[in-house]
1. Using 0.36 nm per residue of separation minus the Cα-Cα distance, give me the extension gain between L46 and Q20 in nm, one decimal.
2. Work out the FRET efficiency for F92 and E126 from their Cβ-Cβ distance, taking R0 = 30 Å, and round it to the nearest 0.05.
3. M85 to A32: extension gain in nm, 0.36 nm per residue of separation minus the Cα-Cα distance?
4. Does anyone have the angle between helix 8-34 and the longest principal axis of the chain? Alpha-carbon axes, 0 to 90°, nearest 10?
5. Need the full-extension length gain, A57 to K72, defined as separation in residues times 0.36 nm minus the C-alpha distance. One decimal, nm.
6. Could you work out Rg/(2.2 N^0.38 Å) for the chain, with Rg from alpha carbons only?
Amino acid sequence: MPIRRIHEGEYYKYIDAYEQRVYPLVQAALEARLGGVNYWHRRNMLEKFDEWLYNGARRPSWWGSHKRLRIKTPEEFLQKLKAIMQFTVDQFAKDPNYMPPDEFIKLWVKVIKPFFENVIKPIVEETKAIEASKGI
């Protein structure tokens with residue numbers, strides 16, 4: 001039996017018919033697997049990407065910017081530091097053989113250790129000196 005060649009127009013008609021039959025089935029299976037909320041969140045995000053890519057829509061100002069990830073205030077730094085330390089303590093409580101990632105150790109040496117030595121330690125020593133002078 002010889003191989004039948006199809007023309008470009010026939011190919012696209014076949015592909016369109018196939019996608020019309022199969023696409024709803026694929027989406028239904030995906031929604032069942034992800035659940036309704038996750039499915040629609042994913043679909044809306046993908047539609048935004050398509051809109052940006054194919055239709056030239058403007059991207060949101062925050063997209064591609066890491067400004068929202070920057071620490072802006074000392075309070076924010078302390079909150080994030082507390083969260084990191086709490087996570088590490090929890091990991092050690094779960095597994096005594098836990099070894100923090102190399103990035104955490106680099107962060108400790110570069111940021112956290114000097115912070116404790118130059119900020120926290122003098123505050124603690126001054127507090128102890130005040131308590132000792134008051135006889136507390």
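The numbers here are math on the coordinates, done by the rules we state, and not lab data. Predicted model only: the values in this text are computed from it and were never measured. So basically every Cβ, Gly included, is an ideal-geometry build from the backbone, and we count neighbours across all protein chains shown.
1. Stretched fully, the L46-Q20 segment lengthens by 7.5 nm.
2. 0.50
3. Answer, rounded to one decimal: 15.2 nm.
4. Once rounded, the angle reads 40 degrees.
5. Roughly 2.3 nm would be gained on extension.
6. 2.03
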